[in-house]
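The values are calculated or read from the model by the stated rules, or taken from the named source; none is laboratory data. Quick caveat, the model's predicted, so the values are computed rather than measured. Backbone-built Cβ (ideal geometry, glycine too); neighbour counts: all protein chains shown.
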Amino acid sequence: MLMFPSDSLITSFVYSMSALPPFKPVTSYWFRLSQNGQNELLCFPSPASPPPAAMIHSLFLINASGDIFLEKHWKSVVSRSVCDYFFEAQERASEPENVPPVIPTPHHYLISVLRHRIYFVAVIQSEVPPLFVIEFLHRVVDTFQDYFGVCTEAAIKDNVVVVYELLEEMLDNGFPLATESNILKELIKPPTILRTMVNTITGSTNVGEQLPTGQLSVVPWRRTGVKYTNNEAYFDVVEEIDAIIDKSGSTITAEIQGVIDACVKLTGMPDLTLSFMNPRLLDDVSFHPCVRFKRWEAERILSFIPPDGNFRLLSYHVSSQNLVAIPVYVKHNITFREGSSQGRFDLTLGPKQTMGKAVEAVLVSSQLPRGVLNANLNASQGTYTFDPVTKMLTWDVGKINPQKLPSLKGSMNLQAGASKPDENPTINIQLKIQQMAISGLKVNRLDMYGEKYKPFKGIKYMTKAGKFQVRT
Amino acid sequence: NSGTKIHGNRCDGGIKCLKQASNATTTFLCSAAQPLSPPSSVLRNEDLKEMLESNKESLKLEAMKRVVGLIAKGKNASELFPAVVKNVASKNIELKKLVYVYLVRYAEEQQDLALLSISTFQRALKEPNQFIRASALRVLSSIRVPIIVPIMMLAIKEAAADMSPYVRKTSAHAIQKLYSLDPDQKEQLIEVIEKLLKDKSTLVAGSVVVAFEEVCPDRIDLIHKNYRKLCNLLVDVEEWGQVVIISMLTRYARTQFTSPWKEGASFEENNEKAFYASDSEEKSERTEAEAYVMDPDHRLLLRNTKPLLQSRNTAVVMSVAQLYWHLAPRHEVNLVTKSLVRLLRSHREVQYIVLQNIATMSIQRKGMFEPYMKSFYVRSTDATHIKTLKLEILTNLANEANISTILREFQTYVKSQDKAFAAATIQAIGRCATNISEVTDTCLNGLVLLLSNRDETVVAESVVVIKKLLQTQPTQHSEIIKHMAKLFDNITVSMARASILWLMGEYCDRVPKIAPDVLRKMAKSFTAEEDIVKLQTVNLAAKLYLTNSKQTKLLTQYILNLGKYDQSYDIRDRTRFIRQLIVPNEKSGALNKYARRILLAPKPAPVLESAFKDRDRYQLGTLSHSLNSKASGYQELSDWPAVAPDQSVRNVEVVEPVQEWAPSVGKTKKLKSDDKFYSDNEEEKAEEESESSEGSSSSSSSSSGGGKMVADVYSRASFQVTAPSFGPVKTYELLHHMTGKGLSAKYHFPRQPCLHQPGMVAVQVTLSNGSDRSLEEIHVGDRSPASLNIHCFNTIERLEPEASVTVSMGIDFSDSTQAANFQLCTKEDGFSVSIQPAVGELLMPSSLSEQDFSREQGEKKILQAPLVQLQAKCALLLCVFNIRR
């Protein structure tokens, strides 16, 4: 080592020479009137300038009415006026969802996600994979939800200090530091009503007194020293059917996506294995980092040391060779006549392939054409609502009784003089079937190693409709 | 549930209207709407100052919480700086953290005062607790005050050599912060980066690569030696680090390896062609493929990134996908398809980015996504930009086989209530029609039907697309032009009328009878038409005047007269221009002669191509790709080098077995050095071998059977022991930390000659303390069988919590696979453990020429020990291998 310093100095000197930006006159300036009436000089950053550090520079939270209600900067402060570009894009978009996720501005790039009617806008200064930022923002939302139960403007405003502490821990210099909920919870305790009361009385704090240990261990997702009196592990296998059914009732596309959500409350460092009766069904899977990939590849067994608490163990896609059972059918007759200001609406639901299980929590929604003024319908079961502003028809059916099929019949009033709508509305269906995974996936057994006690184990199956659409 | 939804939507609509009016005053409204904001903030701040300066911890904390609230709202709280900074050394962790938040936010503005806090951090940097050290460095480096640059530099250098990987990680982050504060420190920082790149901790790997990318992305030479390590660590690095490392390695690989793509083969993958390819073609391809041998390091990268396709983190999956796209041989890229399609189940924003990337990919390689075509079907609930991207992909995927399915799907889209999307669908149909000649007519007919649609945008778009289609094949479609002329009376959309008029004029020779009639009708309704229609009427009149002046002269003059007195100056202008151009008079100059050539010049047909056609110039998954323009700081992906640069730069010298743990036995016989492993000079090696074996054969005669034989074999060094294998090292658990009361032990066989005694097998044991107290006097206790010959490690006096230490032992298994049982003791406890060797671990790889082998065999000595017998067999295998080579 000692022999080379002069040599390395020379090479680095050469590099520094080549890295010097060539002199480049700024050719274009322009001014733009920002919203608070100040003139702001804008010019495009020269590509030769030294790359600015920080992946995520700042974060703004914007509510549905366009107010910035929280800002956080991980580097020097970026003026709020950068959000004006976002507002412009928001205005151009007809729907809140239509705001483009990536917006370029002269100096920065804005990458945003919309969740719970809040825009999370990250300010970026230089090249970064956009998915990196998007994934992180979603993680932030998940964390808030995890901490406060809901992720609303009110909840964030009420817990602004916790939010700030969380954001501080999640990013360092714009690069994610701790995003694992188990670690964060050790650093900052989630607020509960009880704790808030205790804190106000005793003056103690939300910040963990102990420093996290998980981050350093080989299992960073699990905190150490977990203790429970009742040791339990619950697994929910939830499958969703995504389908498009065409006018005649035949399936255009249908696929099953599933997840296994777990709630594990076990003492110590348990090592779990979960095996399936029919693992071949799982075509494409993505795992929580705790799952040992090699073991899955070799034996199709999920082997893992679980995080403490709730987590998503696995998401999967059922191979497309398998035929997808469609649990409900829809008989529909929605017509508009030329020249008449009336339309007919007739909808009947019935169970199809449900393997004897009841179809519950059925909710039908449909975006009626713009010309529809009102709907006079009669539901044989459940209640329906029609919003004349958004033209959204929602029918809360509840449980389908195979003996007496639920139906919604009646007429729609159209705007006088308006021409017949071109398209019949699409019908979106939500439903739930308990105690069944529609793909037929079955968990074989769950074993625990590494700990001596006998845990209580539970597995629940459920099928839901995902993006289930019927074209009429 | 439904009730609230509806209510929410209503709210939204109302707000939208409001917003338009009040947008200019949003910021004002925003501040006025804060319920907490007092009438005068000055008063409030006085209040806070008092609380901060009070003696009560709870009051201070309350004040700090309010201050953070102010910062969160973007209010200025800088005047509280002196009062806040006093609390920087507080014992209360939450208070301290909030003060840190404040400091980082305002230090830049109040540099002098910020310096007051520096000494606190400097002190904290020396704390025994690693988390306190790390957080001190974090805050210190976040304070953007140029005057403390030397202090930061020093702190970073120290932290980079810290025992704790967590602190080292923090120092990697601090490097970027210092660099952005003072770019002049670059050289020194690069040295730190170089050092940290060598770090073996997964915790550090991601962060240091971020620093590398930030500070010196061009110093690819720093990566060479760490390349294999990074590849191997990748799976265990935290997910955010994985993204950065993968993208850096993608860039690295493109400069270091040769292209795995067949030379001369077109970029476009053509399924059809491959299927029907003649034998000769196939053969030539095969020879080309044989000529290319992938660098094992290139393969290593591909192999080690593949499992990450199963990551739950969409950014990781995308980065692996782009790595395969840019680096993998063509046929392997398909691996990523399934995972990319899986990402489409994720949030809207994720879908948006993934679909953009798929759109680019699907242009070049239809086959990749064709099986998943149905995943791109549009749902009515998708956002408009998602819909148009899916449409784009479906259009890219269209071929002769699936076009009918796709067109059927498009038919439903055309009827969508989202008119922008319907218009985009019509454009897509147009593209399909030009790309696939079989369906051109069907598409055209379908589009003609759409002309009677009620919606303005749909009709206008159809006319425009038909116009483009007709322009590409003008010879065949006079029927459609005629049809459009017939429809003309019913079409009310001015854009569509104008387009039809343009078509009439352009192809007036194909509809010689109809065109003048259309002009006649237009003359009648001219005054009532929209401007754009009027302009096209004038155009039509001019063109007809030139081709068919007999029938249209009067009509043209009439229209030109109407135009002359039109209200719109555009039309008056155009009329004047056309009149001068086509009607010859004494004033019109030379231009008049060329009127025909000007107006009836053949116009280039518009090209209907994908908006994603040229996006592949950017690396997939990048911001630049998403924006389709170069983002600042974007690093170009270089082309493959024609000739691979030196591969040996990535070789890492094998470190001699950790000698620091066995200093007493450091003087054991030096074995042949390992660096010969990579040496190219085979001859020299062979010479040495024969020499040494000759020299040794005489000395070996004294050896006498049994286990001792092994020792002899080593001592004479007649067998050149080949370098330790670079296969995966398997680690076994010796003691679980639960049974070991916090002490855990793992072991592996380093597969290197044991330094303690030649007959022993080397074992490396990693002891770590998982408890929260320190363990003392760790040593090896009783062993069974008692005769077991173990070379123990020196007693470890003290092992701190979370610390771990690696020690080496030597165990004489007496050439059997019988387990060695012994006790691992701490000051208080003893735990029985056992090490059971696999047969393979007892063997020592060595190379031996065939002659030497037969000679050794002839002397019969070599076969006396079963171990050596096995060794000989291995040697024979090696010989065979040598001969064949």
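How about the range B:67-92: which of its residues are more than 9 Å from every other protein chain (Cβ to nearest Cβ), among the β-branched types (Val, Ile, Thr) and within 17 Å of B:GLU109 (Cα to Cα)?
If the condition is that a residue be more than 9 Å from every other protein chain (Cβ to nearest Cβ), among the β-branched types (Val, Ile, Thr) and within 17 Å of B:GLU109 (Cα to Cα), then B:VAL67, B:VAL84, B:VAL85 are the ones that fit.
Any idea which of (1) free of Cβ contacts under 8 Å to residues at least 24 places away in the same chain; (2) buried (at least 16 other Cβ atoms within 10 Å of the Cβ) is the one B:ILE582 doesn't satisfy?
Of (1) free of Cβ contacts under 8 Å to residues at least 24 places away in the same chain; (2) buried (at least 16 other Cβ atoms within 10 Å of the Cβ), only one is false for B:ILE582: (1).
Among the residues of the range B:558-567, is any under 28 Å from B:LYS521 (Cα atoms) and acidic (Asp, Glu)?
So far as the range B:558-567 goes, yes, one or more of its residues are under 28 Å from B:LYS521 (Cα atoms) and acidic (Asp, Glu).
Exactly one of (1) within 18 Å of B:ILE500 (Cβ to Cβ); (2) more than 14 Å from chain A (Cβ to nearest Cβ); (3) free of Cβ contacts under 8 Å to residues at least 40 places away in the same chain; (4) buried (at least 20 other Cβ atoms within 10 Å of the Cβ) is unmet by B:ILE429. Its number?
Of (1) within 18 Å of B:ILE500 (Cβ to Cβ); (2) more than 14 Å from chain A (Cβ to nearest Cβ); (3) free of Cβ contacts under 8 Å to residues at least 40 places away in the same chain; (4) buried (at least 20 other Cβ atoms within 10 Å of the Cβ), only one is false for B:ILE429: (1).
Could you please find all residues in the range B:309-324 being within 11 Å of the chain's Cα centre (by Cα) and more than 8 Å from chain A (Cβ to nearest Cβ)?
Correct list: B:VAL316, B:VAL320, B:ALA321, B:GLN322, B:LEU323, B:TYR324.
Within the range B:402-412, can one find any residue that is surrounded by fewer than 18 Cβ atoms within 10 Å (Cβ to Cβ), under 24 Å from the mean Cα position of the chain (by Cα) and either more than 10 Å from chain A (Cβ to nearest Cβ) or not in a helix (DSSP H, G or I) (or both)?
No, the range B:402-412 contains no residue that is surrounded by fewer than 18 Cβ atoms within 10 Å (Cβ to Cβ), under 24 Å from the mean Cα position of the chain (by Cα) and either more than 10 Å from chain A (Cβ to nearest Cβ) or not in a helix (DSSP H, G or I) (or both).
Pick from the range A:436-456 the residues that are among the basic types (Lys, Arg) and part of a loop (DSSP other than H, G, I, E, B): which of them is surrounded by the most Cβ atoms within 10 Å (Cβ to Cβ)?
If we take residues in the range A:436-456 being among the basic types (Lys, Arg) and part of a loop (DSSP other than H, G, I, E, B), then A:LYS442 is surrounded by the most Cβ atoms within 10 Å (Cβ to Cβ).
To keep it simple, each residue is scored yes or no on (1) within 10 Å of another protein chain (Cβ to nearest Cβ); (2) part of a helix (DSSP H, G or I).
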site	(1), (2)
A:GLU97	yes, yes
A:PRO106	no, no
A:LEU110	no, no
A:GLU127	yes, no
A:LEU131	yes, yes
A:CYS151	no, no
A:ILE156	yes, yes
A:GLU165	yes, yes
A:GLU169	yes, yes
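Quick test for you: out of A:PHE386, A:PHE456, pick the one residue that is at the interface with chain B (Cβ under 10 Å from one of its Cβ atoms) and of a type in the set (Phe, Trp, Tyr).
Matching residue, one of A:PHE386, A:PHE456: A:PHE386.
So, in the range B:620-650, exactly how many residues are in a helix (DSSP H, G or I), at the interface with chain A (Cβ under 10 Å from one of its Cβ atoms) and of a type outside the set (A, V, I, L, M)?
Number satisfying all stated conditions: 3.
If you check A:ASP396 against the conditions, is it at pLDDT 90 or above and within 14 Å of another protein chain (Cβ to nearest Cβ)?
Yes.
If a residue must be among the aliphatic types (A, V, I, L, M) and either under 15 Å from B:ASN539 (Cα atoms) or touching a Gly at 6+ places or on another chain (Cβ under 9 Å) (or both), how many such residues does the range B:465-494 contain?
Matching residues across the range B:465-494 total 3.
Being in contact with a helix residue (DSSP H, G or I) (Cβ under 8 Å, 6 or more places away or on another chain), at the interface with chain A (Cβ under 8 Å from one of its Cβ atoms) and either within 26 Å of B:TRP640 (Cβ to Cβ) or not in a helix (DSSP H, G or I) (or both) is the filter here; which residues of the range B:327-353 pass it?
B:SER339, B:HIS347
Hey, does the range B:603-618 have a residue that's within 14 Å of chain A (Cβ to nearest Cβ), surrounded by 18 or more Cβ atoms within 10 Å (Cβ to Cβ), without any contact (Cβ under 8 Å) to a residue 60 or more places away in the chain and part of a loop (DSSP other than H, G, I, E, B)?
Yes: the range B:603-618 contains one or more residues that are within 14 Å of chain A (Cβ to nearest Cβ), surrounded by 18 or more Cβ atoms within 10 Å (Cβ to Cβ), without any contact (Cβ under 8 Å) to a residue 60 or more places away in the chain and part of a loop (DSSP other than H, G, I, E, B).
Here's the yes/no breakdown for (1) within 11 Å of another protein chain (Cβ to nearest Cβ); (2) buried (at least 23 other Cβ atoms within 10 Å of the Cβ):
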position: B:GLU94; (1), (2): yes, no
position: B:LYS97; (1), (2): yes, yes
position: B:GLU108; (1), (2): yes, no
position: B:ASP112; (1), (2): no, no
position: B:GLN122; (1), (2): no, no
position: B:LEU125; (1), (2): no, no
position: B:ASN129; (1), (2): yes, no
position: B:LEU140; (1), (2): no, yes
position: B:PRO146; (1), (2): no, no
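Please enumerate the residues belonging to the range B:354-371 that are facing chain A (nearest Cβ under 10 Å) and either modelled with pLDDT of 95 or more or surrounded by 18 or more Cβ atoms within 10 Å (Cβ to Cβ) (or both).
Selection gives B:VAL354, B:GLN356, B:ASN357.
Among helices (runs of 4 or more DSSP H) lying entirely in the range B:785-885, which contain 1 or more residues that are at pLDDT below 70?
In the range B:785-885, the matching helices (runs of 4 or more DSSP H) lie at B:850-858, B:866-884.
Got a sec? Which of B:LEU519, B:LEU581, B:LEU546, B:LEU554 is in contact with a Lys or Arg (Cβ under 7 Å, 6 or more places away or on another chain) and closer than 21 Å to B:LEU600 by Cα?
After applying the criteria, what remains is B:LEU546.
Is it true that some residue in the range B:372-388 is assigned to a loop (DSSP other than H, G, I, E, B), in contact (Cβ under 8 Å) with a residue 60 or more places away in the chain and at negative phi?
no
Considering only residues that are charged (D, E, K, R) and over 16 Å from B:VAL139 (Cβ atoms), which ones fall in the range A:160-192?
A:GLU180, A:LYS185, A:GLU186, A:LYS189
Looking at the range A:112-125, which of its residues are within 8 Å of chain B (Cβ to nearest Cβ) and either part of a loop (DSSP other than H, G, I, E, B) or of a type in the set (D, E, K, R) (or both)?
Within the range A:112-125, A:ARG115, A:ARG117, A:GLN125 meet the criteria.
Limited to the range A:94-124, what total is found for residues that are over 21 Å from the mean Cα position of the chain (by Cα), of a type outside the set (Ser, Thr, Tyr) and either modelled with pLDDT under 90 or within 21 Å of B:ASP382 (Cα to Cα) (or both)?
Total meeting the criteria: 2.
Failed condition for A:SER81, given (1) of a type in the set (Ser, Thr, Tyr); (2) closer than 26 Å to B:VAL244 by Cα; (3) more than 7 Å from chain B (Cβ to nearest Cβ), with all others met?
Failed condition: (2).
Condition first: at pLDDT below 90, among the hydroxyl-bearing types (Ser, Thr, Tyr) and touching a Lys or Arg at 6+ places or on another chain (Cβ under 8 Å). Now tell me which residues in the range A:236-279 satisfy that.
Selection gives A:THR253 alone.
Quick check on B:LYS390: is it of a type outside the set (Asp, Glu), within 14 Å of chain A (Cβ to nearest Cβ) and surrounded by fewer than 18 Cβ atoms within 10 Å (Cβ to Cβ)?
no
Please specify each residue of the range A:273-318 satisfying the condition of being part of a loop (DSSP other than H, G, I, E, B) and surrounded by fewer than 15 Cβ atoms within 10 Å (Cβ to Cβ).
A:MET277, A:ASN278, A:ARG300
Going by what's in this entry, would B:ARG44 be described as among the charged types (D, E, K, R), modelled with pLDDT of 85 or more, over 30 Å from A:THR385 (Cβ atoms) and assigned to a helix (DSSP H, G or I)?
no
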